[in-house]
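**Student:** My questions all concern the structure below.
The values are calculated or read from the model by the stated rules, or taken from the named source; none is laboratory data. Being a predicted model, the structure only gives us computed values, none of them experimental. Note that each Cβ is placed from the backbone with ideal geometry, even for glycine, and that neighbours are counted across all protein chains shown.
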Ligand SMILES: [Zn+2]
């Protein structure tokens, strides 16, 4: 399969992962403009996000091709030629613009699956490994698996360099401790407890940790990622399978305001 230029709407990015070969990399999920299919793009270096202003809901063109080594595990995985990335439209990144949420919703709802169970079936059929679902609002719970002051943030002290000789920017590694418990709109749903790797959630944790004591930190996280979401937003989960195990986890939150 050869490299092809495609246009992608960036929808979710996971928290950076430290990698010695590529620098800190981010796993990105988006929707192909021409076919409306979900794609997982990897790797894009963290530094590239900052430099190119690659925000959520930006549209960009880049040369991508199916990641054939991953194909048997996850059919939506693509490799990218990072220098070919160019932003084509950033109008959907700006929530202050009128109609932005409606436009985002119009695109994303076309990809909605009715349940995790459906996605598990699809994965068995053809290795579909990305999707979006809407949990039943009053079934959602936000779980912090251990006290926030015991969550370890691991930052390596020594300066590291990538194989390209670039200095590796330190990224705090945060354990998988944030989960959502929910039921999907499916009569046979047996309640899910899923790890959430959404970038905004983990960033907020890092930021709040510097400002608040542990009690207030937990309160603030719950307020932003649970109470406000339930009260003012329609919460959807963007889910993708783990790179090692055929198990879905939450890689992004989509939360248009309630009408
Ligand atoms: Zn379910």
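**Student:** How about region 100-135: which of its residues are within 16 Å of the ligand (Cβ to nearest atom) and under 13 Å from residue 11 (Cα atoms)?
**Tutor:** 131, 132
**Student:** So which of 138, 97 ends up being modelled with pLDDT under 95, farther than 26 Å from residue 242 by Cβ and within 16 Å of the ligand (Cβ to nearest atom)?
**Tutor:** Going through 138, 97 in turn, just one is modelled with pLDDT under 95, farther than 26 Å from residue 242 by Cβ and within 16 Å of the ligand (Cβ to nearest atom): 138.
**Student:** With respect to residue 65, determine if the residue is within 16 Å of the ligand (Cβ to nearest atom) and not in a loop (DSSP other than H, G, I, E, B).
**Tutor:** no
**Student:** Can you name every residue in region 120-134 that is crowded, with 22+ Cβ neighbours inside 10 Å and closer than 13 Å to residue 189 by Cα?
**Tutor:** The one that is crowded, with 22+ Cβ neighbours inside 10 Å and closer than 13 Å to residue 189 by Cα: 133.
**Student:** Pairs only if they're at least six apart or on different chains, beta carbon under 9 angstrom, first in region 180-200 and at negative phi, second within 8 Å of the ligand (Cβ to nearest atom) and at pLDDT below 90; list them, first residue then second.
**Tutor:** Between residues of region 180-200 that are at negative phi and residues that are within 8 Å of the ligand (Cβ to nearest atom) and at pLDDT below 90, the close pairs are 183/190.
**Student:** Which of the residues belonging to region 181-199 are in a strand (DSSP E or B) and surrounded by 12 or more Cβ atoms within 10 Å (Cβ to Cβ)?
**Tutor:** Passing the criteria: 181, 182, 184, 192, 194, 195, 196, 198.
**Student:** Could you say whether any residue in region 72-84 is more than 19 Å from the chain's Cα centre (by Cα), away from the ligand (no atom under 16 Å from the Cβ), under 30 Å from residue 2 (Cβ atoms) and not assigned by TED's automatic domain parsing to the domain that holds residue 10?
**Tutor:** No, region 72-84 has no match at all.
**Student:** Please name all residue pairs, on different chains or six or more residues apart, with Cβ atoms under 6 Å, provided the first residue is in region 80-100 and is assigned to a loop (DSSP other than H, G, I, E, B) and the second residue is surrounded by 14 or more Cβ atoms within 10 Å (Cβ to Cβ).
**Tutor:** That search, which allows pairs on different chains as well, returns 81/63; 85/60; 85/62; 90/58.
**Student:** May I pose another question? Right, residue 210: away from the ligand (no atom under 16 Å from the Cβ) and either in contact with a helix residue (DSSP H, G or I) (Cβ under 7 Å, 6 or more places away or on another chain) or assigned to a helix (DSSP H, G or I) (or both) or not?
**Tutor:** yes
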